[in-house]
Amino acid sequence: MSDLDRHLYDQLRTHAAGVDVPAGDIEAVKARGRHRRHRRAGTAALAVMAAAGTATGVFVSSSSSGGSRKISIEAPTSVPGTIGARLTWRVAPTSAGLSDLISVSSAGSIAYAVSTAPGVVPAGKQPLQQLYRSADGLSWTTASGPDGVSAAGVAVDGNRVYTVGTGPATAATGNVSGAVTTAVSWTDNGGGPWRNSVLPVAFNAPAGALSVTGEAVDVAAGPKGVVAAVGINATADLTKLVRGVSDKTLWSANANGVEVLGSQVSSRCGFSPADRNLNAAMKLKESAAFKAKAFPLSAAYRAAVNRLEQAGPDGFATQQAPQGQVTTVPCVGATGQPASVVPADQAYRVVRTYSWSQLGIGGQAEQALLGEPLVFFSSDGTKFHQVSLPAGTAGQAYVAAGTGGFAMAVQGADGPPVVVQSADGQHWTQAPVALPAGVTGASGIGYVDRRLVVVGQTQTGAAAYTLVSDGWQASPLPANVIAVAFGPVGVGVVGMSGKGNPGSWQVLFSRDGVQWSTASLTSVSGGEVDGANLVVGADQVVVTVSRPVTGQPSTRIPAQVQVMGTPAG
Amino acid sequence: VNVPATAAPPEPLVAPLPLSHDFEIFYAEARDTVIRAVTMTTGDRDLSVEAVDEAMARAFQRWSQVCRLENPGGWVYRVALNWATSVLRRRHRRWPFSGSAKRSEEPPSVAEPDVMRALAELDVRQRAVVVCRYVLGWSEAETATALSTPPGTVKSRLHRANRLLSSRLAHLRDQKEL
């Protein structure tokens with residue numbers, strides 16, 4: 001490195017260190033992430049990740065005739081009472097599929113989707129998402145959508161099409177920053193006027209004390225009626241609720257209300273401003289120069305290193321002293337590895353508590369602050385009322401409708417997802433068997449062949465969990481589930497396994513949630529895969545594959561290929 | 001694999017931390033550094049904060065995958081930079097880089113304004129490479145992975161950037177020699 005390089009290096013680092021970074025809000029970031037996670041459920045997300053995973057064992061045979069390639073995939077064994085999952089794949093004559101698919105639903109041969117326009121979305125563009133219709137899952141045309149409502153979810157039941165979405169706030173939504181109107185809209189398939197039913201959401205909170213930063217919605221329709229779930233990200237401004245509180249006051253919220261926190265509890269992952277040096281000290285401690293005692297330490301670093309060496313099993317929190325609302329405090333051990341996470345009201349002394357009613361917050365506002373989904377039911381899809389979920393459910397909800405009623409996978413704020421069911425849409429109970437231990441999140445839920453299937457993530461991969469007579473049957477999926485879709489003919493999953501870029505892309509399919517087939521997406525599409533989504537229709541599965549970009553960044557546009565999988569029998 | 005209703009799986013000897021907790025640690029450790037790096041690349045502190053928060057939300061959304069990457073911070077940097085780029089395009093704004101990013105109360109007095117002016121002359125892609133290499137301290141290979149760019153491209157961008165910076169900052173070398 002030349003002198004100039006070194007000077008440049010020093011100067012750039014000096015400038016970077018001088019950038020004033022405002023305090024972050026990890027709870028808000030996680031809430032945004034949960035909303036985005038919801039958008040992916042049952043749809044598509046183009047992502048290239050690295051992970052390890054396995055897939056079900058299959059028998060694959062291929063044949064070629066006249067340039068048209070066919071690959072048959074068949075599960076090697078059969079289970080009594082189950083339906084074979086064999087698919088025959090071929091490249092479709094069309095190539096412009098839905099790139100950024102938000103929600104898709106199909107009944108009979110008709111599918112509706114909320115998506116960007118067919119074709120590739122150029123890098124850096126954020127095109128409009130609207131309602132599309134298809135008779136084959138391959139070719140999509142724009143469908144008229146409801147007036148004044150931006151559709152975010154779609155459900156098709158027979159000849160009726162439902163959307164759930166948001167529109168501008170009205171006086172009815174309350175004096176809350178960021179609040180929007182949420183509505184279920186419906187029309188008859190084939191085009192008729194749309195009608196809106198505004199969901200009864202109104203916040204009871206003092207003026208200016210509550211702000212909504214986003215909403216996620218889902219809708220499911222079946223013979224028993226229509227269920228809509230609304231997840232709302234809401235935050236409270238404690239300075240508007242409690243006198244003498246400032247922006248810097250540390251506080252925590254729970255089901256009972258708000259706790260104002262004071263000084264740290266030093267025995268529980270305690271920290272002080274001096275601990276800002278701990279990160280650097282950890283790295284320093286591991287460096288060869290430090291081990292060789294090649295340079296003297298400043299007093300601050302020496303103190304930090306000493307504290308590291310004396311750290312207990314929970315070690316130290318490495319974040320700066322938080323301000324405002326905090327839920328948990330992460331701690332790392334002396335080795336720098338994660339050791340524990342301590343609830344904020346254990347890491348800090350509780351100095352005051354306020355119940356929600358003392359703060360003037362109640363009803364749906366309280367639910368939104370606690371992350372609980374608001375769930376609404378209508379027997380005819382035109383007039384909705386709120387229904388209650390069992391205690392212990394919180395976070396984003398994914399809804400499914402079947403002939404026997406409804407099911408929902410509710411993501412806990414910090415715990416595993418919970419599956420709840422209802423025969424009538426109004427009375428909900430937890431599923432008779434909890435999801436297996438180790439399931440950390442849900443990516444989709446639906447019914448296939450009258451069986452309930454939950455696509456779930458674990459800490460090491462992903463699996464489809466099918467509710468059978470004696471519990472949940474787990475079928476391994478690729479570690480990175482990219483897209484999930486349920487449809488009349490079954491359930492399809494696109495996933496990627498294997499470390500590196502590109503990984504091993506696979507498409508899996510089941511007609512009953514029990515027997516699964518799998519195929520290499522690279523093989524069936526005849527080339528490299530960079531991303532994919534899928535639509536499951538009445539008689540075929542359509543996967544839209546995006547190729548990796550090539551050429552110069554300014555001109556690179558990925559190509560698309562569509563492949564069709566047709567079930568045998 | 002059938003999971004019977006009554007059979008509980010054996011408890012692991014050491015319970016792994018839930019991934020969300022793992023993310024909290026990553027967030028606490030990486031956020032400020034990435035914001036500084038993106039600010040150095042875009043020149044807009046507020047936009048960079050917004051971009052990194054968005055990228056962190058996306059990282060949390062798919063944390064089970066992102067945490068397995070060799071450099072999750074690199075992934076967040078790239079996503080944040082792409083997001084900031086698309087926002088600027090939508091706003092029809094030119095790159096705001098002026099070397100006058102918001103400073104802390106006590107900016108280092110030794111910072112050389114000419115360096116920032118020279119940095120501002122670079123193409124944003126060259127600037128990203130310079131920031132990864134010199135601010136974040138990544139190797140060329142690590143920079144290539146983080147930016148999802150071929151190593152040869154990183155090398156050539158760095159070469160062109162260094163050539164321009166050298167020509168603009170020749171006077172500093174002269175001063176140092178004095």
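Need one value for B:34-41: mean number of C-beta atoms belonging to other chains within 10 Å of its residues' C-beta atoms.
4
Equivalent ellipsoid semi-axes for the stretch A:182-259, as square roots of 5 times the alpha carbon gyration tensor eigenvalues: give them largest first, rounded to whole Å.
Details: eigenvalues 291, 35, 19 Å².
After diagonalising the Cα gyration tensor, the semi-axes are 38, 13, 10 Å.
What residues qualify as long-range amide H neighbours of A:Val448, i.e. H under 5 Å apart, gap of 5 or more or another chain, H built at 1.01 Å from N?
A:Val453
Hey, can you grab everything whose amide H is under 5 Å from the amide H of A:Leu435? Only 5+ residues off in sequence or another chain; H modelled, so Pro and N-termini drop out.
Amide H neighbours of A:Leu435: A:Val419.
Within a Cβ distance under 9 Å of A:Gly405, other residues only, what is the Lys/Arg minus Asp/Glu net charge?
With Lys, Arg at +1 and Asp, Glu at -1, the neighbours total 0.
For the stretch A:411-519, what log10 I(q)/I(0) values come out of the Debye formula at q = 0.23 1/Å, with one point per alpha carbon and no solvent?
-1.33
Sequence-distant or interchain residues sharing an amide H contact under 5 Å with A:Leu261, placed H: which?
Under 5 Å from the amide H of A:Leu261 lie the amide H atoms of A:Leu250, A:Trp251, A:Ser252, A:Val351, each far enough along the sequence or on another chain.
Since every read-out is calculated from the coordinates, none of them should be taken as a lab result. Owing to the predicted nature of the structure, the values given are computational and were not obtained by experimental measurement. With ideal geometry, Cβ positions are generated from the backbone for all residues, glycine too; neighbour counts draw on all protein chains shown.
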